[in-house]
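Colleague: Encoded as structure tokens, here's the structure I'll be asking about.
The values are calculated or read from the model by the stated rules, or taken from the named source; none is laboratory data. All values derive from a computational prediction rather than experimental measurement. Neighbour counts are summed over all protein chains in view; Cβ atoms, including those assigned to glycine, are modelled from backbone coordinates with ideal geometry. These area figures cover heavy atoms from the full protein model, side chains too; ligands, DNA and RNA do not enter into them. Shrake-Rupley method; radii C 1.70, N 1.55, O 1.52, S 1.80 Å.
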Amino acid sequence: MSILAEREDQAVEENLQNDDDYEESFFQDIDSLQNHGINVADIKKLKSSGICTIRGVQMTTRKKLCNIKGISEAKVDKIKEAVAKISSDGFLTGLQVSEKRKQVFKISTGSTEFDNLLAGGIESMAITEVFGEFRTGKTQLSHTLCVTTQMPGNRGYCGGKVIFIDTENTFRPDRLRDIASRYNLDHDAMLDNVLYARAYTSEHQFELMDYVAAKFHEEPGVFKLLIIDSVMALFRVDFCGRGELAERQQKLAQMLSRLQKISEGRCRNFI
């Protein structure tokens, strides 16, 4: 029995070690491509497009890489080949996935009853869509999460910073001060942990995603929540009528895909 237990423990340790190797290769800085013949200028071009890790390259199609100014098809093939040498095959065991899921944390909504409905709060590594009619509390929830994200929670969650992308001019610092008073938090310190940006067009919103990806890479583990209020508003303005409906939906799908890939990267929440 003791020999069997030792073998099981050894198998678990090997699986966890493989998981660590997988994570290390996937989140490796893109600068490591220099060791495989990719020049610094091309790496800077990738970073300017919000691609900062080996995993980021794997999540980007060849077509999109070719659309980056200064990156030709030949360079894309070379970059993809270099990434294939660095990364693993991408398969994980069920045990490895289980261990990875243990990193998932939840952020309180500020309401015990609401948290219970959500099985503990807003879950990380995912996109949470909040929808409803006018004046139903969507923006209020976003403001509350700006504060509660910074507070320690369950399962070892220690709090973190927030990025708020405002498409409808709804962000109000004074409202955050009122919410912070409820939790006896320092107003200035709380506001200093919220990074704010105003988006004016759907294209600008896409550009801000590149900045978000770069910021998350520069300060790993610091930012825990990205809020976009609202993700649809600018698409409704920029794409009008049935004739542009298909293009609008395609662009929106690309936006959501981009958000999902970033959220899976480092256990973040998106609202």
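Colleague: Is there a quick way to get the dipole size of the range 129-271? I mean about its Cα centre, with the Cβ of Lys and Arg at +1 and of Asp and Glu at -1; what is the value in debye to the nearest 20? Working shown, then result.
Modeller: Details: 19 positive and 19 negative charges, 83 e Å.
In total the dipole reaches around 400 debye.
Colleague: Assign unit charges at the C-beta atoms only (+1 for Lys and Arg, -1 for Asp and Glu), then state the dipole size of the chain relative to its Cα centre in Debye, rounded to the nearest 20.
Modeller: Values: 36 positive and 40 negative charges, 200 e Å.
Approximately 960 debye in magnitude.
Colleague: Counting only heavy atoms of protein chains, what accessible area per residue, in Å², does the chain have with a probe of 1.4 Å? Write down the numbers at each step before the final one.
Modeller: On the way: 15340 Å² over 271 residues.
Per-residue value: 57 Å².
Colleague: How far is it, in nm, from the label point at Ser181 to the one at His36 when both lie 7 Å from their Cα along the line to the Cβ?
Modeller: Result for the modelled spin labels: 5.5 nm.
Colleague: I would also like to ask the following. Rounded, prolate or oblate for the range 26-177? Axes are the square roots of the Cα gyration tensor eigenvalues, ordered a ≥ b ≥ c, and the cut-off for rounded is a/c under 1.5. The partial results should precede the final answer.
Modeller: On the way: a/c = 2.80, a/b = 1.78, b/c = 1.58.
Note, shape of the range 26-177 comes out prolate.
Colleague: Which chymotrypsin sites (Phe, Trp or Tyr not before Pro) from the range 100-195 combine a DSSP loop assignment with at most 14 other Cβ atoms within 10 Å?
Modeller: Numbers: sites: Phe105, Phe114, Phe131, Phe134, Tyr157, Phe164, Phe171, Tyr183; in loops: Phe105, Phe131, Phe134, Tyr157, Phe171, Tyr183.
Those that pass, being in a loop and sparsely packed, are Phe131, Phe134, Tyr183.
Colleague: Once you charge only the Cβ atoms, +1 for Lys and Arg and -1 for Asp and Glu, what is the size of the charge dipole of the range 31-119 about its Cα centre, to the nearest 20 debye? Intermediate results must be reported in sequence, preceding the final value.
Modeller: Details: 16 positive and 9 negative charges, 72 e Å.
The calculated dipole for the range 31-119 is roughly 340 debye.
Colleague: Assuming a ≥ b ≥ c are the square roots of the Cα gyration tensor eigenvalues, decide whether the range 164-252 counts as rounded (a/c under 1.5), prolate (otherwise, with a/b larger than b/c) or oblate. Please list the in-between numbers first.
Modeller: On the way: a/c = 3.46, a/b = 1.80, b/c = 1.93.
Oblate shape, in that a/c is at least 1.5 and b/c is the bigger or equal ratio.
Colleague: Using only DSSP helix segments of four residues or longer, with each worth -39500 (n - 2.57), what per-residue ellipticity at 222 nm results for the chain after dividing by its residue count and rounding to 500?
Modeller: Theoretical 222 nm ellipticity from helices: -16000 deg cm²/dmol.
Colleague: I need the semi-axes of the equivalent ellipsoid of the range 33-118: take the C-alpha gyration tensor, multiply each eigenvalue by 5, square-root it, list largest first in whole angstrom. Please report the intermediate quantities before stating the final value.
Modeller: On the way: eigenvalues 260, 66, 22 Å².
Over the Cα atoms of the range 33-118, the ellipsoid semi-axes are 36, 18, 11 Å.
Colleague: Looking only at the chain, where both bridge partners belong to it, what percent of the DSSP beta bridges are antiparallel (to the nearest 5)? Please list the in-between numbers first.
Modeller: Numbers: 3 of 18 bridges.
Approximately 15 percent, going by the DSSP bridge assignments.
Colleague: Would you compute the Debye intensity of the range 188-227 from its alpha-carbon atoms alone, equal scatterers and no solvent, and pass along log10 I(q)/I(0) at q = 0.21, 0.23, 0.24 Å⁻¹ to two decimals?
Modeller: -0.75, -0.86, -0.91
Colleague: Now for a separate question. Work out, step by step, the length gained on full extension between Val222 and Asp29: first 0.36 nm times the residue separation, then minus their alpha carbon distance; give nm to one decimal. All intermediate terms of the calculation are to be shown ahead of the outcome.
Modeller: Numbers: separation 193, 0.36 × 193 = 69.48 nm, distance 1.69 nm.
Extra length from Val222 to Asp29 when fully extended: 67.8 nm.
Colleague: If I model a spin label as a point 7 Å beyond the Cα along the Cα-Cβ vector, how far apart are those points for Asn116 and Glu264 in nm?
Modeller: Each label point is offset 7 Å from its Cα along the Cβ direction, giving 3.4 nm.
Colleague: Further, regarding this structure: Which of the residue pairs Lys215/Lys261; Lys69/Lys100; Lys63/Lys251; Lys69/Lys224; Lys78/Lys224; Lys63/Lys261 have a Cα-Cα distance greater than 25 Å in the structure shown?
Modeller: Values: Lys215/Lys261 15 Å; Lys69/Lys100 36 Å; Lys63/Lys251 15 Å; Lys69/Lys224 31 Å; Lys78/Lys224 34 Å; Lys63/Lys261 17 Å.
Where the Cα-Cα span goes over 25 Å, the pairs concerned are Lys69/Lys100; Lys69/Lys224; Lys78/Lys224.
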